[in-house]
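The block underneath contains the structure these notes are about, expressed in structure tokens.
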Amino acid sequence: MDVFASLSDGFLIALSWENLMFALLGCFLGTIMGALPGLGPSNGVAILIPLAFTLGLAPTPALILLTSVYYGAMYGGRVSSILLNIPGDEPALMTCLDGYPMAQAGRAGEALAISGIASFVGAFIATWGLVFLAPQLVKVALLFGPAEYFALFTLAFATLGGLSSKNQAKSAFAAALGLAFATVGMDDQTGVARFTFGEVHLFDGIDFLVVIVGMFALSEVFIFLEHHKASDLKHVEPIKIGRITPSWALIKYCTPTMLRTTGLGFIAGVLPGAGASLGSFIAYSMEKRLVDKKGTFGKGDPRGVAAPEAGNNAAAGGALVPMLALGVPGSGTTAVLLAVLLAMNITPGPLLFTQNPDVVWGLIAALFIGNVMLLILNIPMVGLFTRVLLIPPRVLMPIVAMISFVGIYGVSGSTFDLMVMVIFGVLGWALRKLDVPLVPVVLGTLLGYAMEVNLRRALTISDGDYGVLVGSPLAIGLWTVAILGFVFPIIFGPMLRSRMHAGRATDPKDLTDE
């Protein structure tokens, strides 16, 4: 089917009043969650998953709501970065470098507006990239057999730590932990119970929604309980917003930067495991080298705000490409979205575009609509979003916990699942204390079953010959990329992280505005 015909059908679905309402709600809630330091898009989506299931939403409205939260959180992460020099999430880190000096100079409104426009440009162009690239990946994906899928899953785990991971060994440990959780339950082939310890409730395995909500949402509550103090944000002096509409000259000045960094961010998003953090860093670094002739970056240059915002939002759109076309998430948040699809008995991958075209094209059309909504929301409502920063965690965290418990119980109706969720919340808190990434654990729990099934199928077809795993050029290519993706960060990661920390250490308070 023609891409534009499919997209027009998607708009017919997305423009229903129900889907428009969920898109608007997701954009609004996502922006608020992105603005709150520490939550970020992964936590924002995880917190609202139980709400989507409690409301009994069909797959398309549920995905529209959660992807709108995803995009909204990417937009919202810049609010606390610019106003308080506190990144709402890791991709917003680079926005602090020029956004906060602009705010100190009384140009907070312009900085927020430029970041909103750059976010729109990055996400809008990336969505077009999703339209054209995902169907092409589907054609390639039809060449995949069990051995190739096993290699693809291995690639996802090998590259998940990425260049931004502090420790590849910890990422590998987290992935192994997730794979171990995936083996709990009844073995489909032999009928033998594995790691259930006689507990009947575990015969069906561990529900990955319980894992996700526990590790992301509840662990955030436990982190707060550990520190048991009110937010320092309520003591922050109000910042002068200034004009909230940038001049056409300023937009024109930043447009080339937006376009260049959108391409870099999209590529970073498509690569499994790279994600928005790397897209933001690469976009800022490359643009600084290319255009910063007078040394104004880091001192309140609007292009230093536009570059990372266009880059990380383009990466957010790019990360949806492998998730929808191959069933391999390109980022932590798309791993959470993958869980939602699987929970709704929809399998992402090559057949998604033929078996569920209404879901995928309705979602893509909703992304276009959501981007426009976010641009309209973010300019006039700057004042409201700045007020959100003053919500103390002692009010916010009980709400997060309530949504988690009510939502999971509404889905499963099992108090045992609530206990398991609390256990995973404590585990998530412990792993965060040890600086072990949570996303590989979630991804291992999600993909472990499919990984095991494909390995068994490949070995059954080859009569136990492990050579089948490298029996095709495609499989060899995937193994090569997986090995390079794991080794490359070990060699070059320390150098990249030292540069990122150097950027983080630059205190805009010590810099004079020009």
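The values are calculated or read from the model by the stated rules, or taken from the named source; none is laboratory data. Treat the numbers as computed from the prediction; the structure is a model and nothing was measured. All Cβ positions, glycine included, derive from the backbone under ideal geometry; neighbour counts span all protein chains shown.
Against the criterion of being touching a Leu at 6+ places or on another chain (Cβ under 9 Å), crowded, with 24+ Cβ neighbours inside 10 Å, modelled with pLDDT under 80 and not in a helix (DSSP H, G or I), residue 279 does not qualify. Listed here are the helices (runs of 4 or more DSSP H) enclosed by segment 297-387 that have at least 1 residues being among the β-branched types (Val, Ile, Thr) and under 26 Å from residue 438 (Cβ atoms): 320-326, 332-343. Residue count for segment 452-476 satisfying the condition of being surrounded by 14 or more Cβ atoms within 10 Å (Cβ to Cβ), part of a helix (DSSP H, G or I) and polar (S, T, N, Q): 1. Evaluation of residue 414 against the conditions (1) modelled with pLDDT under 85; (2) closer than 17 Å to residue 33 by Cβ shows that the sole unmet condition is (2). Consider segment 12-23 and keep the residues that are more than 12 Å from residue 358 (Cβ to Cβ) and in contact (Cβ under 8 Å) with a residue 12 or more places away in the chain. The one that is surrounded by the fewest Cβ atoms within 10 Å (Cβ to Cβ) is 18. Being at pLDDT 75 or above, of a type in the set (A, V, I, L, M) and buried (at least 19 other Cβ atoms within 10 Å of the Cβ) holds for only one residue in 389, 352, and it is 352. Listed here are the helices (runs of 4 or more DSSP H) enclosed by segment 15-84 that have at least 1 residues being within 16 Å of residue 112 (Cβ to Cβ) and modelled with pLDDT of 75 or more: 17-35, 59-84.
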